[in-house]
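Contents: one structure, followed by commentary.
The values are calculated or read from the model by the stated rules, or taken from the named source; none is laboratory data. What you are looking at is a predicted structure, and each value in this text was computed from that prediction instead of being measured. Heads up: the accessible areas ignore ligands, DNA and RNA and are worked out on the full protein's heavy atoms, side chains in. Shrake-Rupley method; radii C 1.70, N 1.55, O 1.52, S 1.80 Å.
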Amino acid sequence: QVQLVESGGGLVQAGGSLRLSCVVSGSRFIINAMAWYRRAPGKQRQLVATISSGGTTNYADSVKGRFTISRDNAKKTVYLQMNSLKPEDTAVYYCNAGVGVLGYFWGQGTQVTVSS
């Protein structure tokens with residue numbers, strides 16, 4: 001059974017940093033594209049950043065220059081380094097990964113709260 005487990009969320013002051021991790025387990029298949037999404041209270045889910053199997057990255061305009069997505073294929077892990085955090089970055093962050101031919105899977109989410 002494929003599972004994605006996020007970690008690294010927490011409470012941080014504005015201007016601070018956090019690093020999120022998401023580990024994929026339960027499959028021998030290659031991990032394809034991986035991504036981070038977030039859902040703020042009362043808002044729709046937003047795509048934050050994506051990274052292809054080859055390492056090509058894309059970011060939402062609101063996080064460009066502050067967030068960095070990376071991956072370790074050997075560890076089947078995707079990371080999100082978040083710097084210069086703002087209160088508007090407060091949300092539940094979810095990772096998403098394409099697993100071989102099985103399709104896309106979601107993690108359970110990790111809360112990030114940025115205080116002003």
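The stretch 1-27 and the stretch 67-116 have Cα centres lying 6 Å from one another. Of all the Cα-Cα pairs you can form in the stretch 10-64, what percent are over 13 Å apart? Value for the stretch 10-64: 73 percent of Cα pairs lie more than 13 Å apart. Sequence gap of 8 or more, or different chains, plus Cα separation below 27 Å: how many lysine pairs satisfy both in the chain? The result is 5. A 1.4 Å probe run over the chain, with the rest of the protein chains in place, finds 53 Å² accessible per residue. Counting alpha carbon pairs within less than 8 Å and at least 6 residues apart, what relative contact order, in whole percent, applies to the chain? About 37 percent, as a whole number. For the stretch 45-106, the carbon plus sulfur part of the accessible surface works out to 49%, probe radius 1.4 Å.
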